[in-house]
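What follows is one structure encoded as structure tokens, with my remarks underneath.
The values are calculated or read from the model by the stated rules, or taken from the named source; none is laboratory data. Bear in mind the structure is a predicted one, so any value in this text is a computation, not a measurement. Reconstructed Cβ throughout: ideal geometry from the backbone, glycine too, with neighbour counts over all protein chains shown.
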Amino acid sequence: MEAKSAGERNPESDLASVVNRNISALLERQMKEEKQKSATERLADRITSFTGSMVFVYVHVLAYGLWIIINLGWIPSVPRFDPTFVILAM
């Protein structure tokens, strides 16, 4: 392997510096856009974040599962509130 002279440039390090500069610019732009969001946009982001989470899925599996189990009459001590599942279907 030959030693590089002082005047030679390393294309890999040049590319890395360009990539780092672009990442920094994108992060700076994203932070600026986040600061400019309205309250409605921030609320929409939070709602979207929650509805796209597994917690949202688990809550719905639990709620619908209980709804079905109760209305099938599998828990006799709890009265049925939608025995025909019409409300659930709506």
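A few notes on this one:
- A count restricted to segment 56-90 and to residues that are exposed (fewer than 10 other Cβ atoms within 10 Å of the Cβ) and part of a helix (DSSP H, G or I) stands at 2.
- Test: residue 68 is outside the structural domain of residue 85 (by TED's automatic domain parsing) and not acidic (Asp, Glu): no
To keep it simple, each residue is scored yes or no on (1) modelled with pLDDT under 95; (2) touching a strand residue (DSSP E or B) at 6+ places or on another chain (Cβ under 8 Å); (3) not aliphatic (A, V, I, L, M).
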| residue | (1), (2), (3) |
| --- | --- |
| 37 | yes, no, yes |
| 44 | no, no, no |
| 60 | no, no, yes |
| 66 | no, no, no |
| 71 | no, no, yes |
| 78 | no, no, no |
| 90 | yes, no, no |
